[in-house]
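Q: Pasting a structure below so you can have a look.
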Amino acid sequence: MSSPALRHEAAPDGWRQRVSHAFSRAAIDYERLATAQRVMGDALWARLPREAMHILDLGCGPGGWSQSLAEHYASGARVIGLDLAPGMLDVARRDRGDGVHWVCGDATALPLASAGLDLVFSNLALQWCPDLDAALAELHRTLRPGGRALINTLGPETLAEVGYAWQRPGRRTALLDFRRPEHYREAACRAGFRRVSVDASRPRFHYPNMTAVMASIKGVGAQASRPGGHLTRADLVRASQRYERLREPEGLPVTYHLLTLELER
C-alpha cells in the first residue's frame, strides 16, 4: 500500500515523471471520481471574463473544462488544453470534440508564443508544480498585456482529516507540502503581474467510508508515496479507526483549503 498523496520529494525531472505517470494512470476513472474537483472548478468558472479569443486550459486533465471553454467562447475562439500526462490527453482526444487543440507540456516551459493568450484557466493543477516561480513566469510571458489567469490551487490546510488519519508516531504523513497563500501572492508579484488577488475558501465534501475517501484522492492521480512511505494492513486499519472519530452525519469529511488566484498582466 502507498501513502495517500504526493510530496515534492524527487528531483524536478523525477518529480515530473512521477506526476505524469500517476495522472496518466488515473485518466480513465478521473471523470467518475472527480466530484470535488468539478465543484471547485464551478466556482472558478463563475469568474470568467465575458470575452476571450485565445485561451489556455492549464492542467486540462481529460479535457472537460477545455471543451466547456470552447463551447462558451464559441465564435472563433481558440482553446488549448495542455497537460503533463499523456494518458489524460489520450482520453481527452478520444472523448471530446474537435474544438480544442491538445498539447502535452510542462507548466514551467510552455510550448507557446509570448503574449498570445487572453485567458488562462487552471483548475487544481498548479499545486503539482515544484517550481512555482517558473510556472507563473511562463503564464506572465504567454499572456498578452491585459490578459488574465484564473487559477484554483490548494493551501496547507488541505486534506487535514486525511493527514490526521494516516499520522503515525514519529513519522510525518506523506501529504503534499501545500503552499501558503502568501507564497502565491509573492510569486505572482515577482513574475510581474500588475493585479494579484488570492482568495481562500474551505469547501468540504463527505464520503461514506475510508475506501471512498481514498478513491476520491488517489483515483484522480494523487497517489505517489514518498520514499519509505509504504504502509502495512495494520496501518490501514488504524487509519480507518482514526478517521471514524471525525465522522459527521453526512459521512467522513474531506476539507480542501482552496486558493483562487486572479492575475492580470
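Q: Stretch residue 51-residue 232 to full length: gain in nm at 0.36 nm per residue minus the Cα-Cα span? Each step should come with its number before you reach the end.
A: Working: separation 181, 0.36 × 181 = 65.16 nm, distance 5.26 nm.
That works out to 59.9 nm of additional length.
Q: Further question on the same structure: Choose one of 122, 241, 163: the residue whose Cα lies farthest towards the positive end of the charge dipole of the chain (beta-carbon charges +1 Lys, Arg; -1 Asp, Glu; about the Cα centre).
A: My answer, from the dipole projection, is 241.
Q: May I pose another question? Would you please name the chymotrypsin sites (Phe, Trp or Tyr not before Pro) within segment 89-173 that are DSSP coil residues with at most 11 other C-beta atoms within 10 Å of their C-beta?
A: Taking segment 89-173 and a limit of 11 other Cβ atoms within 10 Å, no loop chymotrypsin sites (Phe, Trp or Tyr not before Pro) are found.
Q: Let me ask something else. According to a simple spin-label model (label point 7 Å from Cα along Cα-to-Cβ), what is the distance in nm between residue 195 and residue 167?
A: 4.2
Q: If you don't mind, there's one more thing I want to ask. What do the square roots of 5 times the Cα gyration tensor eigenvalues come to for the chain, in whole Å, largest first, as semi-axes of the equivalent ellipsoid?
A: Numbers: eigenvalues 200, 73, 63 Å².
Listed largest to smallest, the semi-axes of the chain are 32, 19, 18 Å.
Q: Counting other C-beta atoms within 10 Å, and keeping those with at most 13, which DSSP coil GluC sites (Glu not before Pro) do you find in segment 9-61? Each step should come with its number before you reach the end.
A: Details: sites: 9, 31, 51; in loops: 9, 51.
Passing sites in segment 9-61 are 51.
Q: Only sites in a loop by DSSP and with at most 15 other Cβ atoms within 10 Å count here; which GluC sites (Glu not before Pro) in segment 134-168 make the cut? Could you put the intermediate results ahead of the total?
A: Working: sites: 138, 157, 161; in loops: 157.
Those that pass, being in a loop and sparsely packed, are 157.
Q: If amide H atoms are built 1.01 Å from N in the plane of the peptide, which residues on other chains or at least 5 residues away come under 5 Å of the amide H of residue 209?
A: 252
Q: With θ taken as phi - 60° and the coefficients 6.51, -1.76 and 1.60, list the Karplus ³J(HN,Hα) couplings across segment 191-204 in order, rounded to whole Hz; mark glycine and proline as x.
A: 5, x, 5, 7, 10, 10, 10, 10, 10, 10, 8, 9, x, 10
Q: Also, quick follow-up: At R0 = 25 Å, how high is the FRET efficiency between residue 114 and residue 215 if r is their beta carbon distance? Nearest 0.05 is fine.
A: Numbers: r = 41 Å, r/R0 = 1.64.
Once rounded, the FRET efficiency stands at 0.05.
Q: Work out the P(r) tail for segment 1-157: percent of alpha carbon pairs separated by more than 18 Å, whole number. Each step should come with its number before you reach the end.
A: Values: 6970 of 12246 pairs.
Roughly 57 percent, rounded to a whole number.
Q: Expressed in nm to one decimal, what extension gain is obtained for the pair residue 133 and residue 38 from 0.36 nm per residue of sequence separation less their Cα-Cα distance?
A: Details: separation 95, 0.36 × 95 = 34.20 nm, distance 2.65 nm.
Additional length available on full extension: 31.6 nm.
Q: Between helix 35-45 and the chain, what is the angle of the helix's C-alpha long axis to the longest principal axis, kept within 0 to 90° and rounded to the nearest 10?
A: 30
Q: I would also like to ask the following. Report, in degrees rounded to the nearest 10, the 0 to 90 angle that the Cα long axis of helix 132-142 makes with the longest principal axis of the chain.
A: 20
Q: Between segment 45-69 and segment 175-194, what's the alpha-carbon centroid distance in Å?
A: Cα centroid of segment 45-69 versus Cα centroid of segment 175-194: 22 Å apart.
None of the figures in this text is laboratory data; all of them are computed from the coordinates on show. Keep in mind it's a predicted model, so treat the numbers as computed, not measured. Glycine also receives a Cβ, built like all others from the backbone with ideal geometry; neighbour counts cover every protein chain displayed.
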